[in-house]
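The values are calculated or read from the model by the stated rules, or taken from the named source; none is laboratory data. It should be emphasised that the depicted structure is a prediction, and the values quoted were computed from it without experimental measurement. In this analysis, Cβ positions are derived from the backbone assuming ideal geometry, glycine residues included, and neighbour counts consider all displayed protein chains. In case anyone asks, the SASA skips ligands and DNA or RNA and just uses the protein heavy atoms, side chains included. Shrake-Rupley method; radii C 1.70, N 1.55, O 1.52, S 1.80 Å.
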Number of protein chains: 2
Amino acid sequence: MPGGSGNAVTSAGLGQGSSALVEALVAQGELTDPASPRGRLLNAAALLFVEKGFARTTVRDIAAEVGILSGSIFHHFRSKEAILCQVMREVTIFARARMEAAVAQERTPRGRLRACILCELEAIHGRAVPGFTILVSEWRSLSPESQRQVLQLRERYERLWRDVLAEAGRMDDPALARRLLQGSLAHSYHWFRPKKQGLSLDELAGQVLSLYCR
Amino acid sequence: MPGGSGNAVTSAGLGQGSSALVEALVAQGELTDPASPRGRLLNAAALLFVEKGFARTTVRDIAAEVGILSGSIFHHFRSKEAILCQVMREVTIFARARMEAAVAQERTPRGRLRACILCELEAIHGRAVPGFTILVSEWRSLSPESQRQVLQLRERYERLWRDVLAEAGRMDDPALARRLLQGSLAHSYHWFRPKKQGLSLDELAGQVLSLYCR
DNA sequence: TTGATAACCAAGCGCTTGCTTGGTAGCGTT
DNA sequence: AACGCTACCAAGCAAGCGCTTGGTTATCAA
C-alpha cells in the first residue's frame, strides 16, 4: 500500500497539501513511511508522548496502540529512548519543510513573519505536526548524544526564523526575539483551546505579530 | 534551632530581605519551617525535581539528600506526589508574597510591571524561589485534585499580574498579555545563562518590558 | 519514673519497568 | 522446493519503583 490512504498522518487530519509533502519527504528518505510498521509505531508513540509524557508512557502502551506485544517493539528500535529520538528527528524535519514552504509563498517581510508564527501555532495546536510539542516538553528525556542529533537538525529551522525576524522584527536582536516568541507560542499549548473561546489561531497569530513586527 | 541560621533557603543564597520574608510566612503558618525535617525534605525535593524532573527523581534520592532512609519519608508525607503538591503550594505562596512586596515599592505603572517581570525572572533563574520552574514543567505530574489546590493558591498571583498589566500594558487584553509573557519568561529558563553572555537579568527584563509596556 | 510523641531504621513486599531470548508464520525470490 | 527476510509472539528476567510494617531511639512533659 505505497502512499496509501491508510497513512496515519493523513487520517489524523492533515490537509491534502501536507500529505503530499509527507510523501515527498518519504520518497527522499527523510521521513519514515507512516504506513509502515515502524512509521505506525512512531506515530503512536508521538501521540502518547504528547498525551501522557515520555516517562509515563510505557513500551506496553505503545505496542498496544498498534496492536503488537511489547517485546516486538525492539525489533524496530534499540530502546525506548531511540523511539523518542527518532520522533523528534522526524518532527523537526517535517516542521522545517512545512515552514519553508509557507514562507516561500509570502511576498512581504511581514507576511513571512506571520507565516512563521501561524506555522508554529498550527504545529502546536492542530494536527499538522503530531508530536511537535514534545520537542520542548520532553527535551530532557533525551540523552546528550540524542540531543546533539536533534539540535543539529533543528538549526536550519531556527535559522529560518532568525532570517525572517531580522527582516521584519522590531527588536534589535533577532535571536532574542525568537526565544521570547518561542516561549509564548510553546506556552500557548497549555491554555489555548481552538474552539472553546472567541480567539482563533489566526487571531492569536495576529496579536503576537503585532507585538514583534516593526 | 528556631529561625536558625541552618535555614536551607538562606543557605541556598537568598538575600537577607527574603529570608525575613520566609520567617514571617513561617510564623503565619503559611510555609513549613525550612529548618524542620519536613522543611528540609521539601527543599531537597524541590531542588531534585528541578534538576532531574519528578518522574526521574526517586524517593530514595530525596531521602539520601537529607540523610535518612527512603521509608522514613512516609512518616512526613502520604505519598511522593504529596511532596510535589506541597512544594508547589509553598512555592506559589512564597512567590506571591515576594511579588506583592516588590510591586508595593513601586510608584509608577511602568515600574510595577518591570518589578513583576524581574520578580518572575529572579524566581526562575536565581535561587530566590527554589523550585519555581516546577510549577510549569511538572504540572502534569500532579493529580487533578492537587492541581485544583495549587491553582486556587495561584489565582492571587495571577490576579496581581493582570492588574499590573491592565494599568501598564499595551495590549488590549491583560490576560492574553500575561499568557504570552509567562511563556517567554518560563522558556528563558532553557536558554538564559546569567553570567555566560552579555545579557543580564536586568537587561532581559528591560527588553521584555519594552515589548509589553505602553 | 513513667508515658507520650516525633523521628527514624531495617527489611522487604508487590508491582511495574525496559528489555532479552528463542522460536515461528508469512511472503517474495530464485 | 528451498531459502532468506521481515515482522511478530510467548515467556520471562533483573532491576528499580513507591510504599508498608514492626520496632527502636531520643526528647520532654507530667
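Annotations
- Shielded residues, segment B:173-205 - accessible-area loss of 30 Å² or more between chain alone and all protein chains, probe 1.4 Å: B:Leu176, B:Arg179, B:Leu180, B:Gly183, B:Ser184, B:His187, B:Trp191
- Per-copy distances of the A:Asp61 label point, shortest first, in nm (7 angstrom along Cα→Cβ): 1.8
- Rg over Rh, two decimals, segment B:68-118 (C-alpha only, Kirkwood Rh): 1.31
- Extension reserve of the B:Asp172-B:Lys52 stretch, reckoned as 0.36 nm per residue once the Cα distance is removed: 39.3 nm
- ³J(HN,Hα) computed for each position of segment A:72-89 - Karplus, 6.51 cos²θ - 1.76 cosθ + 1.60, integer Hz, glycine/proline x: 5, 4, 7, 6, 9, 9, 5, 7, 4, 5, 4, 5, 4, 4, 5, 4, 5, 4
- Label-point separation, B:Lys195 to B:Ala27 (7 Å along Cα→Cβ), nm: 3.4
- Remark: accessible surface ordering of A:Arg78, A:Arg98 (largest first) is A:Arg78, A:Arg98, probe radius 1.4 Å.
- Accessible-area composition of segment B:72-214, carbon plus sulfur, in percent [1.4 Å probe]: 48
- In Hz, Karplus ³J(HN,Hα) per residue of segment B:156-173 (6.51, -1.76, 1.60; θ = phi - 60°; x = Gly, Pro): 5, 5, 6, 5, 4, 4, 5, 4, 5, 5, 4, 7, 10, x, 9, 8, 5, 9
- Using θ = phi - 60° and Karplus 6.51 cos²θ - 1.76 cosθ + 1.60, couplings along segment B:107-121 (whole Hz; Gly, Pro as x): 10, 10, x, 4, x, 5, 5, 4, 5, 4, 4, 5, 4, 6, 4
- Working from the Cα coordinates of chain A, the gyration tensor eigenvalues give, after taking √(5λ), semi-axes of 30, 18, 17 Å in decreasing order.
- Distances in nm from A:Ala27 to the matching label points in the other copies, shortest first (labels 7 Å along Cα to Cβ): 7.5
- Distances between copies of A:Glu106, taken at a point 7 Å out from Cα along the Cα→Cβ vector and listed shortest first: 3.1 nm.
- Label-point separation, A:Glu81 to B:Ser143 (7 Å along Cα→Cβ), nm: 3.2
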